[in-house]
Amino acid sequence: MGGQGLHSRMAFPRRSAALLTLALLLGGVPGSVSPLARAQQAPPTDQAAPATETADTTSSENASLELVRRGQKDGKERRIRIVRTGTSDETGIFTVCSPQDGDPENAPNLAVFSETTTSGIQISIDKNVIRVPLAVVTQQQPRDGQDGSDGRVEASAGTARFLDTVPEGATNRLLKCGVEVSPKPAPDTVFVTQGKTELKGQSLVYDETDGIARIDGPISFARAGQSDPLTGKSDKIEVDVDQEKTTLVGNVVLNSSGGRVSRAARVEYDDTRNVARLIGTADQPAQSVKGGDTLTAGMILYDLDRNEVYAVKPEGGTITGEFQDGESGAGTSTTSPVTAPTTTPPVTTSPP
């Protein structure tokens with residue numbers, strides 16, 4: 001390969017090595033390997049073997065793959081991109097293991113990405129860029145007439161390596177390809193960036209069945225701010241690919257350095273619009289407290305730049321407030337939800 005080259009291995013079964021090699025030379029396994037990582041040759045063995053890869057001169061030499069999801073309701077195409085940032089055999093691997101002898105013809109391809117440097121494997125989902133040491137991607141074969149296909153992503157801390165020999169009696173697809181994957185989920189090893197916000201979790205699973213990426217916690221949260229930075233925590237994160245929505249789920253707490261503490265069962269988070277929606281339940285209403293002032297409602301809009309809150313009265317619900325001067329108030333039937341939190345909405349407002 002010209003230049004530095006991308007040193008990884010492509011795993012091909014004996015029966016399909018030639019066909020897959022040709023497909024990669026023409027731009028990748030349909031719906032699978034990106035043209036950024038094309039194999040020039042693949043030895044006819046059942047074990048993963050070195051492959052010389054080439055890249056377009058106008059693009060990066062990092063190995064990459066995309067899952068393509070089509071929304072069940074709107075039919076809109078959305079892509080999940082997985083990239084190995086490193087190019088050295090010393091810091092990680094990239095390999096694709098195709099269906100083996102005895103597998104159904106429409107069996108998915110398996111791709112393994114690992115990278116031990118701090119830049120790791122990068123996974124882009126909606127507004128989020130996720131950095132993690134290890135990712136295993138299952139990609140379905142594309143349907144007739146479709147360009148690309150959906151699948152499953154499992155990511156966490158851990159490592160992957162090529163085996164010198166295939167273990168005798170191996171039944172696992174990756175082991176049969178001569179690849180050993182060792183996931184080691186641990187807190188604060190899955191890094192999520194959305195705008196100014198950094199979140200940390202311990203494992204990620206995205207599945208095509210519902211189009212939701214779930215990041216298990218405990219989740220820690222930090223948003224940079226010039227005067228009033230925000231920190232917090234939750235049990236997990238859900239990224240709904242179809243609805244393009246990121247939600248902190250379970251015992252969510254947001255703390256501003258200025259002293260505001262906000263709690264809710266769920267928080268829909270959108271750093272690009274500088275807003276969070278705190279959504280309460282009967283058992284855990286949304287609540288925001290600063291000093292002696294308390295605001296409680298079924299939903300609270302949180303202005304992330306100003307660290308101010310605006311209560312939204314749900315249909316048939318109420319808004320309550322307790323203020324330091326002893327006054328109290330309740331929402332009226334004229335109070336209505338808003339959908340444009342980037343400006344001060346016409347709803348009951350707690351003192352900043």
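Within region 161-173, being touching a residue at least 60 places away in the same chain (Cβ under 8 Å) and either touching a Phe, Trp or Tyr at 6+ places or on another chain (Cβ under 6 Å) or more than 18 Å from Asp89 (Cβ to Cβ) (or both) holds for Thr165, Val166, Arg173.
Put simply, of Thr246, Thr209 the only residue that is assigned by TED's automatic domain parsing to the domain that holds Asp283 and outside any strand (DSSP E or B) is Thr209.
Pick from Arg273, Arg306, Arg266: which is closer than 20 Å to Gln194 by Cβ, at pLDDT 95 or above and charged (D, E, K, R)?
On inspection, the qualifying residue turns out to be Arg266.
Within region 295-310, restricting attention to residues that are farther than 23 Å from Ala222 by Cα and of a type outside the set (A, V, I, L, M), the residue that is surrounded by the most Cβ atoms within 10 Å (Cβ to Cβ) is Gly298.
Residues that are farther than 20 Å from Gly195 by Cα, crowded, with 20+ Cβ neighbours inside 10 Å and either under 24 Å from the mean Cα position of the chain (by Cα) or modelled with pLDDT of 95 or more (or both) do not occur anywhere in region 236-254.
Here region 160-215 is the region considered, the condition is being closer than 18 Å to Lys236 by Cα and of a type in the set (Ser, Thr, Tyr), and the residue that is surrounded by the fewest Cβ atoms within 10 Å (Cβ to Cβ) is Thr193.
Select from region 173-203 the residues that are in contact with a helix residue (DSSP H, G or I) (Cβ under 8 Å, 6 or more places away or on another chain) and not charged (D, E, K, R) and list them in ascending order.
Within region 173-203, Val181, Gln194, Gly195, Thr197 meet the criteria.
Note on region 269-301: residues that are over 26 Å from the mean Cα position of the chain (by Cα), under 20 Å from Lys236 (Cα atoms) and basic (Lys, Arg) total 0. Here the condition is being surrounded by 16 or more Cβ atoms within 10 Å (Cβ to Cβ) and either acidic (Asp, Glu) or touching a Ser or Thr at 6+ places or on another chain (Cβ under 6 Å) (or both); of Ser149, Ser156, it holds for Ser156 alone. Output yes when any residue across region 226-237 is touching a residue at least 40 places away in the same chain (Cβ under 8 Å), assigned to a strand (DSSP E or B) and farther than 20 Å from Arg214 by Cβ, and no when none is. Within region 226-237 (the criterion being touching a residue at least 40 places away in the same chain (Cβ under 8 Å), assigned to a strand (DSSP E or B) and farther than 20 Å from Arg214 by Cβ), the answer is yes, since at least one residue qualifies.
The values are calculated or read from the model by the stated rules, or taken from the named source; none is laboratory data. Every value quoted in this text rests on a predicted model; they were computed, and no experiment measured them. Using ideal geometry, Cβ is built from the backbone for each residue, glycine included, and neighbour counts are taken over all protein chains shown.
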